[in-house]
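The structure appears right after this line, and notes come after that.
None of the figures in this text is laboratory data; all of them are computed from the coordinates on show. Computed from a predicted model, the values in this text were never measured in an experiment. Note: ideal-geometry Cβ built from the backbone for every residue, glycine included; neighbour counts use all protein chains shown.
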There are 2 protein chains.
Amino acid sequence: MGLKPTPYGTAIPFEEKELKFVGKNPTERPDAIEKVTGRARYAADYSLPGQLFGKVLRSPHAHANILSIDTSAAEALPGVKAVVTMDDFPDLEVEIAAAGELMVNFRDVTRNVMAREKVLYDGHPLAAVAATSNAIAKRALKLIKVEYEVLPHVIDVVEAMQPDAPILHEDQFTKGVDPKPEKPSNIATRIESKLGNSEEGFKKADVIIERHFNTKAAHQGYIEPHACVANYTEGGYAEVWTSTQGHFVFRSQIAKILKMDLAKITVTPAELGGGFGGKNTVYLEPLAIVLSKKSRHPVKMVMTRDEVFRATGPTSGTNTKVKIGATKDGKITGAQAELNYQSGAFAGSSLSMAAVTVFTRYDIENILVIGHDVTCNRPKVAAYRAPGAPMIAFGVESVIDELAEKLEIDPIEFRLTNAAKEGTQTHFGPKLGPIGFVETLEAAKASEHMKMPLGPNQGRGIATGFWFTIGNETSSTLNIAEDGTASFVYGTVDVAGGSRAVFTQIVAEELGIPLESIRVVQSNTTSLGFNFTTAGSRGTAAGSMAAVKASRDAVARMCDIAAKIWDVDIDEVAWEDGHARPAGANVGDFDPLSVADLAKKAAYYGGTIAGHAELNVVGGGPGFGTHIIDVEVDKGTGAVKVLRYSVIQDAGKAVFPDYVKAQFHGGAVQGIGMALNEEYIYDENGIMENPGFLDYRMPVASDVPNIDTIIVEVPNPNHPYGVRGIGEVPIIPPLAAIANAIHDATGIRLQDHPMSPPKVLKAMSEL
Amino acid sequence: MGLKPTPYGTAIPFEEKELKFVGKNPTERPDAIEKVTGRARYAADYSLPGQLFGKVLRSPHAHANILSIDTSAAEALPGVKAVVTMDDFPDLEVEIAAAGELMVNFRDVTRNVMAREKVLYDGHPLAAVAATSNAIAKRALKLIKVEYEVLPHVIDVVEAMQPDAPILHEDQFTKGVDPKPEKPSNIATRIESKLGNSEEGFKKADVIIERHFNTKAAHQGYIEPHACVANYTEGGYAEVWTSTQGHFVFRSQIAKILKMDLAKITVTPAELGGGFGGKNTVYLEPLAIVLSKKSRHPVKMVMTRDEVFRATGPTSGTNTKVKIGATKDGKITGAQAELNYQSGAFAGSSLSMAAVTVFTRYDIENILVIGHDVTCNRPKVAAYRAPGAPMIAFGVESVIDELAEKLEIDPIEFRLTNAAKEGTQTHFGPKLGPIGFVETLEAAKASEHMKMPLGPNQGRGIATGFWFTIGNETSSTLNIAEDGTASFVYGTVDVAGGSRAVFTQIVAEELGIPLESIRVVQSNTTSLGFNFTTAGSRGTAAGSMAAVKASRDAVARMCDIAAKIWDVDIDEVAWEDGHARPAGANVGDFDPLSVADLAKKAAYYGGTIAGHAELNVVGGGPGFGTHIIDVEVDKGTGAVKVLRYSVIQDAGKAVFPDYVKAQFHGGAVQGIGMALNEEYIYDENGIMENPGFLDYRMPVASDVPNIDTIIVEVPNPNHPYGVRGIGEVPIIPPLAAIANAIHDATGIRLQDHPMSPPKVLKAMSEL
């Protein structure tokens, strides 16, 4: 993610202890009632008095020069209060700058938000209108006259890499190659990462398998379209309520794009109706602010589903090559991978993250990973749950399966033979700490699932996944009111609905007060210190670390109050089971003081009880999982039905076990959808053909079996409760596991995604 | 204010140093543009989707038993979504409980919000309606049938004290008398406070003067009527946006009245359109929440001006006696005062606060102060700028003037002879610290004003005032964003529009960054630790102390980052002029690092830069002032015209001098209004006759002369910048100063307030 590791990060070592709240399912989720009664406010639920409605004019071409934009007729339409184009935004230099920790090229970011010289994809914004109604705004869009010079376009990643491909950016020369190229290219960056010598490794192998794989772009498919309300005041302040996974990073992006001071912008994260990586970057927000500034009214903008598909980031379509060699007794001796990842219209795919995951489940001495980040005439890609990892795992875990088959070794045993463990050297740098990969494989081997018999046309597939847990900047505050009830204010957006419950459990555990006495509240960007986006599986791991720190701060303050009340030294006060108690031999016999007792007296003894955390949390809680999938293939139609599904994953510590299972389920379901049906389809003009849920086929309930889960718990040594990130891992194995299961059922090996009925049918016919 | 002093409070000693921002008028007030462009959101500007409108049914009787309330017809009216009465509120025990530090009897508070057994004043709420429009809500009020048993009532404080007066509360027995009385009384409490022996003091006097004074109730007259929007969710959370001087205390009151957990309530203070003590307590908020709970919609409630006058707290009407004796050479030997203060329908006037101020400008060895808090059939009184003090100062400073005249001593010299100074023993307990009273008298003596000649029918009056500055609980947070701009989050409501500017100056001074880089934001009750109400002149004094603490926290964190960057010990880093600089002989030669430099690197070096304060601020910044007023009396009409006005006051340190002057002006103008015209008028049935600005005559521009100001600066030793509270003092002297000026012009001495033309005319005719 372009995030530098820091030696100054905070780790709180794992503490083995008896737990009262952590690890037990709370009877009620703090957000549940608000959500089912419709009280929770999603971005489109916000309204400000006097607000206007904003709509975006989007390119109908995949690639074209903008010759002119005439907005005069739109501006003249009654009810239209502002029309903006590129002229209303500052142009930005090529500047790879940090916006809230992420290094981003703002010349590109501003051009993605509002096209300047060129439109680069079907749906690229090039003007926006604010009007007194949505209907008027839409009518105004039709009155904007744009002259285009249509250019040749390129959609596919392999085609885009060809020397004669239409070039998106004449000033883009491939980075990471020596000497610097003389001709511009759609290959924005080449990366290379190696360990040992892979060619030498292959020499020691008895069997080598090399395969090529292709995957199509897929969308995160969140229920809630992007939406925001923005208000810009004459005092130069901007307020934004929006659907985001990271309001602090949104604030940073807005500040850069609009050249504003960070302190003058307040971004409030609304309740989130799904993100999965797709809500890490601004689309509407800068437009809404500039429309508000120009119209002097608040402006609300809500995307249609069509806009979500055409103009927000899906995952990359990819072309990959995987080559692995192993000895007869099943030891992998060398491995190579090439990753060609679409970045969409502007450089910067998930390639660098994906490259970290390629072989990082196995202890391999010789590795070479090469990657290319490739621009093409598609919307700029975004993160999608374990960004980039499922596609390369599709290749690696398929080849592993094929190797095991060829060597006649059980696929779980083959993986156990090569499994990464504490001390395994990765190809990208660090050695692995204590991890639970072997434990997931052993649990898979011992599972009931492995004992279930398979019928005709049925097959079983295994695949595994790895994701690092990032930590990053995390701030929180705990305020204890005079009655002893507590407000925990956090800033890692609750993207999946579990954060509030988990933070409540952690604070209850630390303070020793009931769950009902704790309210957990999401802060805006002004009231709290910086929090990085909820991504990289960091939400629970990093957010709960900040909760621990803030709680312990507050406990220290409560011990201080007790010491003053008892007139003893603070060292003579201990915090146990929700009470300050006298500690040590020389202390008198005082009645324990509860949080409520102390809160009532806090003012007299120096001021309110609060605790604060501003941390850069150390990550280091890598997550590993093993999936077992049984499928049945319809020989007549090629349709693949998932019969049984087991997710076995190391959660470090499952704070809220049912919710951990829900995360496992969610990843698996998204993986099933991606594996079997989801894909972006473009026509010959580069226009997306399926921008809606009728034609972009996400899984429905009948596509998904009951999913069994086994939670493995190997504590993360850098977290006081041992928590690891769990959100990303379960979407990584499904593509490969399903491909392996299809092979088991039919004998075919699919290398083209999605594994939809026509492809299965065709492959079977070619057997 | 019923606030216990604490030995654990925070004082940061005064530091003499060169100042860059503090003491200089900023070129722009941070709230100015938002206010003049209408962007600032006052309570009535808030709207939530789906909100209803709430109206209150109020008693048309001064005193009556409620026999029955029938709401069925109102509930049946289409558009009515909820009707609430006392049955919808929990009854509360007689409990003198702390609600946000203020000790309050919640049995009374809940009965003032919604009458139970009885209505006790014209305007007392006894039902409320929420409907889809204000018009429907008003119509519904008319459909509510109430059966009353009208009771005899009492309005005047002296009448209410008589043994045969109608009794408001049969269970109220005068507290503070021994033996405990057997009969209930409207005298809720008797207080007594003494120093030395006043009778012995009088024996040493050559001249003794004793006078009786009467003042009428006056309203704070804020522009903005009380208003709020409340939303109660099925999850059991309440959100309130309201016009308040103290959202944390409002939260506490709501929690008590509705028996809720504090953490489940969020109160957001809107921009305040004036309060002056009148917005320290809840009126509409609990009603709006209960209406929202019952209707399942947000509810907005806005008072009419009529409701503000009839049913919110004015200051007490009073009856006082002052007796002072002095020797021929002008030394006061003894002083007595009796204060009879209306509390309105429920016990608890400003008596206890007023009693502290009575003689606390003079060094007198023998003092006796007796006070009575008296219930009568009027709205429960509220604080009004220097609560209770102007009325007793009217008496004391009139008698002082008369004594000086009788002894033929210049009134300023007489006061200088007796002036309190550092070490003076007060009658209520503490000795005074360093104060600036003598300095204000000396400055008055030397002023240009004293040299201005007076014409016929013109006179000059002098009077002085004292107010203690309270400190109390104050919390704040300073968050520094990645670009080095800062957000200062505070919780002492900006009641007068100066807080944001002052806090900006303090943070700029501490951090060494420009004013423009700092945004100052008012927090809700959830995001920040407890803050006491902005009252008692504490806003700037206490709020800026918390700003200093939070800033120094952040500076310490920045020095920590610099130490890590330079790899030196933190003791080897100093903060000077907005930069971390190497300090000490052994440190290398490093380039200084600015806030922006450090902010950019904060994440890598451990996390965001922030600072926090949770303090119980030590008060101890008593304020003193001397006013000089010239008037001209129209012998034909009795009209008094204020010709010249000078306010001389000790501000400790004027952080924002123009705003200090504005506070002086504001107090003087309110004092002029109170002195000459403002009064509550009741008819024989106890119904207020002048509940509107046409009949309740507040001063207009033509009533007020240009007001000169002299700022004296004797630093408060407990505040790092020497700040004292300044808001209350300037309303204390005007009544007496005008009375003394009228005497100087005409020879009459008025003891009845207001000094309106009929009274002046009558007194002149009796000369």
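List the distances, in nm to one decimal, from the label point of B:ASP91 to the label points of the same position in every other copy, shortest first, placing each label point 7 Å from Cα along the Cα-to-Cβ direction.
Result, one decimal in nm: 7.7.
List the distances, in nm and shortest first, from the label point of B:LYS641 to the matching label points in every other copy, placing each point 7 Å from Cα along the Cα-to-Cβ direction.
Relative to the other copies, B:LYS641 has label-point distances of 10.1 nm.
I need two numbers for the stretch A:384-445: Rg to one decimal and Dmax as a whole number, Cα atoms only, in Å.
Cα only, the stretch A:384-445: 13.0, 35 Å (Rg, Dmax).
Expressed as a whole percent, how much of the Cα-Cα distance distribution for the stretch A:119-216 exceeds 23 Å?
58
Rounded to the nearest 20 Debye, what is the dipole magnitude of the stretch B:617-674 about its Cα centre when Lys and Arg each give +1 and Asp and Glu each give -1 at the C-beta?
Here the stretch B:617-674 has a charge dipole of around 20 debye.
Based on Cβ point charges of +1 for Lys and Arg and -1 for Asp and Glu, what charge dipole magnitude is obtained for the stretch B:133-235 about its Cα centre, in debye rounded to the nearest 20?
380
Note the direction-averaged projected area, equal to a quarter of the hull surface, for the Cα convex hull of the stretch A:596-753, in nm². Mind dumping the intermediate values first?
On the way: hull surface 63.2 nm².
About 15.8 nm², averaged over all directions.
Cα-based Rg of the stretch B:699-746 per 2.2 N^0.38 Å, rounded to two decimals?
Details: Rg = 15.4 Å, N = 48, 2.2 N^0.38 = 9.6 Å.
Rounded to two decimals, the normalised Rg is 1.60.
Cut-off is 10 Å between beta-carbons; in what order do A:VAL521, B:VAL587, B:VAL113 appear when sorted fewest neighbours first?
Working: A:VAL521 20, B:VAL587 17, B:VAL113 25.
Fewest-to-most ranking of A:VAL521, B:VAL587, B:VAL113: B:VAL587, A:VAL521, B:VAL113.
Which three extents, in angstrom, do the Cα atoms of the stretch B:618-679 have along their principal axes, listed largest first?
For the stretch B:618-679, the Cα extents along the three principal axes come out at 51, 23, 17 Å.
Around A:ILE648, with a cut-off of 11 angstrom between Cβ atoms, what is the net charge of the other residues, counting Lys and Arg +1 and Asp and Glu -1?
Residues near A:ILE648 contribute -3 overall.
Quick check: pseudo-label points 7 Å beyond the Cα along Cα→Cβ at A:GLU576 and A:LYS204, how many nm apart are they?
Distance between label points: 5.5 nm.
Would you work out the charge dipole size for the stretch A:30-160 about its Cα centre, treating the Cβ of every Lys and Arg as +1 and the Cβ of every Asp and Glu as -1, and quote it to the nearest 20 debye?
Computed about the Cα centre, the dipole is about 760 debye.
Going Cα to Cα from B:LYS431, which lysines come in below 16 Å? Please leave out same-chain ones fewer than 8 positions away.
B:LYS194, B:LYS421
For chain B, return all DSSP H helices satisfying: extent of Cα atoms along own axis at least 20 Å; mean Kyte-Doolittle hydropathy at least 1.6.
None clear 20 Å together with a mean of 1.6.
Can you compute log10 of I(q)/I(0) for the stretch B:179-272 with the Debye formula, treating each Cα as one identical point scatterer, at q = 0.17, 0.18, 0.19 Å⁻¹?
-0.90, -0.94, -0.98
Once the Cα atoms of the protein assembly as shown are picked out, what are the Rg and Dmax in Å?
Considering the protein assembly as shown through its Cα atoms, Rg and Dmax are 37.2, 126 Å.
Find, among the residues of chain A, the one whose Cβ sits nearest the axis of the rotation taking A to B; state the distance in whole Å.
A:SER527, 2
So which lysines pass the test for B:LYS35, namely a Cα distance under 21 Å, with those fewer than 8 places away in the same chain ruled out?
Cross-link targets: A:LYS264, A:LYS293, A:LYS294, B:LYS279, B:LYS661.
A:THR215: net charge of surrounding residues, Cβ under 9 Å, Lys/Arg +1, Asp/Glu -1, itself excluded?
Working: positive: A:LYS216; negative: A:GLU679, A:ASP752.
Computed value for this residue: -1.
Can you put B:HIS212, B:HIS427, B:HIS219, B:HIS627 in order, fewest other beta carbons within 10 Å first?
Least to most surrounded, the residues fall as B:HIS212, B:HIS427, B:HIS219, B:HIS627.
Find the eigenvalues of the gyration tensor of the Cα atoms of the stretch A:432-508, then list the square roots of 5 times those eigenvalues as equivalent ellipsoid semi-axes, largest first, in whole angstrom.
Working: eigenvalues 353, 55, 33 Å².
For the stretch A:432-508, the ellipsoid semi-axes come out as 42, 17, 13 Å.
Under a point spin-label approximation (7 Å from Cα along Cα-to-Cβ), what is the A:THR637-A:LYS24 distance to one decimal in nm?
Placing both labels 7 Å beyond Cα along the Cβ direction yields 4.8 nm.
Taking the Cβ of B:VAL587 as the center, what net charge do the other residues with Cβ under 12 Å away carry, scoring Lys and Arg +1 and Asp and Glu -1?
Net of charged neighbours comes to -4.
Given R₀ = 22 Å, what would the calculated FRET efficiency be for B:LYS762 paired with B:ILE681, taking r from the Cβ atoms and rounding to 0.05?
For R0 = 22 Å, the calculated efficiency reads 0.80.
Over the stretch A:124-265, calculate the relative contact order: mean separation of alpha carbon pairs under 8 Å at least 6 apart, over the residue count, as a percent. Could the numbers behind the result be given before it?
Details: 95 pairs, mean separation 13.7, N = 142.
After rounding, I find 10 percent.
What does the helix-only formula give at 222 nm for chain B: each DSSP H stretch with n ≥ 4 adding -39500 (n - 2.57), the total divided by the residues, and the result rounded to the nearest 500 deg cm²/dmol?
Only helices count here, giving -8000 deg cm²/dmol.
Can you give me the P(r) profile for chain A? Cα pairs, bins 10 angstrom wide beginning at 0, each as a whole percent.
3, 14, 23, 24, 19, 11, 5, 1, 0
Send over the semi-axes of the stretch B:278-422's equivalent ellipsoid, whole angstrom and largest first, taken as the square roots of 5 times the C-alpha gyration tensor eigenvalues.
Semi-axes (√(5λ), whole Å): 43, 13, 12.
Normalised by the number of residues in chain A, what is the relative contact order in percent for Cα pairs under 8 Å and 6+ residues apart?
16
Which distance in Å, rounded to a whole number, links the C-alpha centroids of the stretch B:155-170 and the stretch A:511-583?
53
Rg to Rh for the stretch A:343-475: what is it, with Cα atoms only and Rh by Kirkwood? All intermediate terms of the calculation are to be shown ahead of the outcome.
Details: Rg = 17.3 Å, Rh = 16.9 Å.
Result for the stretch A:343-475 is an Rg/Rh of 1.02.
Is any residue of the stretch B:705-730 close enough, with backbone N under 11 Å, to a label point placed 7 angstrom from the Cα of B:MET452 along the Cα-Cβ axis, and if so, which?
B:705-709
Just to confirm the numbers: B:GLY23, label point 7 angstrom along the Cα-Cβ line, distances to the other copies in nm, shortest first?
Those separations, rounded to one decimal, come out as 6.2 nm.
Calculate the translational D of the stretch A:1-157 in whole µm² s⁻¹ from Stokes-Einstein, where the hydrodynamic radius comes from the Kirkwood formula applied to all Cα pairs, the temperature is 37 °C and the viscosity 0.692 mPa s.
162
Sequence gap at least 6, Cα distance under 8 Å: using those rules, report the relative contact order of the stretch B:227-302 to the nearest whole percent.
RCO, the stretch B:227-302: 46 percent.
Between A:ALA662 and B:ALA583, what's the calculated FRET efficiency when r is the beta-carbon distance and R0 is 56 Å? Round to 0.05. Walk me through the numbers on the way to the answer.
Numbers: r = 54 Å, r/R0 = 0.96.
For R0 = 56 Å, the calculated efficiency reads 0.55.
Under a crude label model (7 Å from the Cα following the beta-carbon direction), how far is A:THR304 from A:LYS17 in nanometres?
Between A:THR304 and A:LYS17, the label points sit 5.6 nm apart.
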